[in-house]
Each structure stands twice: as C-alpha cells, then as structure tokens.
Amino acid sequence: MSQLAAREPDVRRFEATVADVDGRTVTLDETHFYAESGGQPADRGTLAGTVVEDVQKREDGETVHRLADDPDFEVGETVRAEIDEEFRTYCMRAHTASHALYGAGRRILDDLGYGGFDIGEEKVRVDFTTSTDITDETLAELERLTNRAVWDSLPVSWEEIPQAEAREREEVAFNTKTEEGVMSESDAVRVVTIDGWDWAACGGTHVSNTSEIGPVTVLDRSNPGEGLTRVEFAVGPTAIRRRAADVRAAREAARTLDVGVGELPDAAERVGQQVEELESELDDAREELLDARLADLREDSVERDGGEWLVGTVSDFGPNEVADSARALAGDGANPEEGESPSEAEAPQAYDAVVLAGEDGATFVVAATDGTPDAGDLVDDVTAEFGGGGGGSPTFAQGGGLDASPADVAAFLRER
C-alpha cells in the first residue's frame, strides 16, 4: 500500500495521535508526511511546533519522524502537524515532471527503459536506458515535448492495481531499483497515469494536472555508467531563472557577434573556424621564431668531447615545444631522409648533442643526442648541480625545477 501522503498529496495540515516516542523519534497513528523513498526526499514541516528534520519508513512499515528538538508531548496525545507547503509543492511538480519527461522519451527514444530518479534542491534527474544517442538536438526535443505535455493540461491520476495486472500492461514503466517500496510486501502496485502520455509504477506525490508543473528546462545530460543516460532538468521557479539566464547569455553573445539569436550556431561555427586558423598561424609563427632562435645559437656552438654541441637558452617556449626541435638537430634527426635532396640551407647541421635551457614556471633543461654522449647523463649532471629532477633515455632526456636561471645552466654545460 502506498503512503498516505501519496494518496492524498494536497493534505498539508492534519491532527494525529502520538503512538510512540523514542527520544526525538516519533511515530503517529497515521501521517501525511512523505517518507523518503524512490528518489523523492522526505517532507519538511513541524509536529506540535517542533521542526521535523527527516521522515523515514522502517522495515516493519512504520513511518517515523525525526525531530530537531526533544518533543514536549507524550504517547496518546493528539498533536497538530504542518507540512512545508512550498517544498511539498515543489516535489509534486518535480516528480510529475519526471513522468512527463519519460513520456516525451517514449516518443523519440528507442529501446527506452527507466533506470533511476532523484529530486534535488535545484534540479531533478532521470536516468534512461536507451539505444538512442541523446544529442543536443534530442535534448531540445525532449524539453519541447515535455513542455507540450504541460501546456496541454493533461489529467494526472493514480490507482492501486494488482501487481500481476500492472506487469501485463506493456505501457507501464517499472524501475525496480527505486520503486521497490511500491511493490514490496504487497500484491498491489500504484500506477501513476498522465492521460495518454505516460504510465509508471510510482509511490511519490504528484499534481493532479500537468499544467500545475510549470515550465521545465532541461539542463544537461551525462553517462553515470551501467548503460545509463542521465538527463537533468529544473522545474518551476528554478527553471524560469535558468531559462532567463540562458536567454540573457544568448542575447549578449548575439550582440557581441552582431547577429540575431537564431544565427548564433552559424556565427559560433564561423568563429570556431577562425580561431582554429589563428591558432594554426600562431603555431607556425612560434615554430618559425624558435627556428630563428636556434639559428642564432648555431653560430655559437661549442666543441666538446670530440664532437660539436649546441648549447644555449630559449625563452618564451616550454619544454615540449623545445623537445622536437632538439631531437631534429641532434644526430641523425637533422639529416635528410633517404631519397630527399634538400639544399644545404634547408638541411640543418647535425650536432652530437643539443642541450637547451628555458623557463616555464621553473627552469628546465632538454637534452638530445645520437646516444653519445648519453642524454640522460647530461640531465643528471645538471640536476646534481642545480637540484630538481628529470630523466629519460640515452638519446633524449629532460629535467625541471632547477634552482638556477637558464643562462646559468647553459654556462655550466659549456664549461662542463
């Protein structure tokens, strides 16, 4: 049997007899407070003027009220209870909205199943199982259809029917994970119906007409796992605030781009393409700048250990940017590939070692060789002298966190 709150959701004030008091836990002979269940939070309110912090249903079926303070009444007394009007109304709207959203999903999602539900302070979530990829366009259509159901003022009703009968009705959505309270220890199932739109086994509180839900704004989607797709939405005042914020943002963006709101997608795509082109041009320019810096360093190479080393500093570049250039200038990396015949100017000289220092938050060093000398040993020498850490292979290594300027590191390597 469903909770009395679910059967008579419009009751917000009632009197009841105290059946048991255990500290701050109180049981009544009957209650219209909704006990947390199936993704819907417990009602808020007062009992004989004392704040009700939580309402839960025990395994024995009794509903218990946990108070914020010690009660000033005893077993057998008649007490007045008041349910928080605003929060109960919000939960009724939110829960019914989740059914309207699922009904929208019935019309556009394939292999639809119900995977979960939860009412939060600012948003509500419904988890679907579906083979349909829920794109931005799909979300927009779910929102449109849900609000269409609200606009159409569809009657909402509920009834207890035999579980076997409910199971035989293909249109009834079941979610055994969150609706166990509806079906456990009972041969009856409570089915909530939005006329011609949705049918679901559900033990929550609902409005009696979809028009009472108010506006619904779909917020986002995600994949919480287990083959589920989670859709989050806001309802009522929260939905209005979110929709207003989205409209303001869209209009501001349209003004910035000097287009109409309806032209924003095309304008955003154009801007995205322009950004990609600019980023590509910037990458090319930075690569040319780095090549120029390295060309200057080549004029000041040093003879070390019977080979020629390129040692110096590179400012305004990070270690990852410098790494590829260092490899290209070291050993075989600087030689043209087989079959190519570049001019002397196009084929940079190959160095036995390329060791470059720079600063990217902290001083770093990058070393590339043809294996002799060992690049890892070079970096180890630097970190032994200036601290920090690093490592790599015989042909490439890098270190960071050095307690020295790039110029000091380069000077150390030249004099090593």
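Things worth noting here:
One line per residue, one yes/no per condition, for (1) among the β-branched types (Val, Ile, Thr); (2) in contact with a helix residue (DSSP H, G or I) (Cβ under 8 Å, 6 or more places away or on another chain); (3) in a loop (DSSP other than H, G, I, E, B):
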| residue | (1), (2), (3) |
| --- | --- |
| 14 | no, no, no |
| 20 | no, no, no |
| 27 | yes, no, no |
| 30 | no, yes, yes |
| 33 | no, yes, yes |
| 43 | no, yes, yes |
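- Residue list for the range 138-174, restricted to those being of a type in the set (A, V, I, L, M, F, W, C), closer than 30 Å to residue 243 by Cβ and open to solvent by 50 Å² or more (accessible area, probe 1.4 Å): 140, 151, 158
- Residue match in the range 141-160 (condition: of a type in the set (Lys, Arg), without any contact (Cβ under 8 Å) to a residue 60 or more places away in the chain and out of contact with any helix residue (DSSP H, G or I) (no Cβ under 7 Å at 6 or more places or on another chain)): yes
- Hey, residue 31 farther than 27 Å from residue 197 by Cα, open to solvent by 40 Å² or more (accessible area, probe 1.4 Å) and over 24 Å from the mean Cα position of the chain (by Cα) or not: no
- Each residue in the range 119-137 was checked for being assigned to a helix (DSSP H, G or I) and touching a helix residue (DSSP H, G or I) at 6+ places or on another chain (Cβ under 9 Å), and 0 of them qualify.
- Number of residues in the range 60-94 that are more than 37 Å from the chain's Cα centre (by Cα) and either among the aromatic types (Phe, Trp, Tyr) or under 30 Å from residue 146 (Cα atoms) (or both): the value is 1.
- Restricting the first member to the range 289-310 and to residues that are open to solvent by 30 Å² or more (accessible area, probe 1.4 Å) and in a helix (DSSP H, G or I), and the second to residues that are aromatic (Phe, Trp, Tyr) and at pLDDT 85 or above, the beta-carbon pairs closer than 9 Å and six or more apart or on different chains are 289/317; 293/317; 298/351.
- As a summary of the residue check, residue 394 satisfies the conditions (1) open to solvent by less than 30 Å² (accessible area, probe 1.4 Å); (2) in a loop (DSSP other than H, G, I, E, B); (3) at pLDDT 90 or above except for the one numbered (1).
- For the range 192-249, a residue qualifies if it is farther than 30 Å from residue 168 by Cα, in a helix (DSSP H, G or I) and open to solvent by less than 20 Å² (accessible area, probe 1.4 Å), and exactly one does: 239.
- Looking across the range 47-83, the residues that are crowded, with 17+ Cβ neighbours inside 10 Å and of a type in the set (S, T, N, Q) come down to 50, 63.
- Screening residue 379 against (1) assigned to a strand (DSSP E or B); (2) crowded, with 20+ Cβ neighbours inside 10 Å; (3) free of Cβ contacts under 8 Å to residues at least 24 places away in the same chain leaves a single unmet condition, (1).
- Looking across the range 84-118, the residues that are open to solvent by 10 Å² or more (accessible area, probe 1.4 Å) and assigned to a strand (DSSP E or B) come down to 113, 114, 115, 118.
The values are calculated or read from the model by the stated rules, or taken from the named source; none is laboratory data. The structure displayed is predicted, hence computed values, not measured ones. Heads up, the Cβs are rebuilt from the backbone with ideal geometry, glycines too, and the neighbour counts pull from every protein chain shown. Note: areas computed on protein heavy atoms with side chains; ligands, DNA, RNA excluded. Shrake-Rupley method; radii C 1.70, N 1.55, O 1.52, S 1.80 Å.
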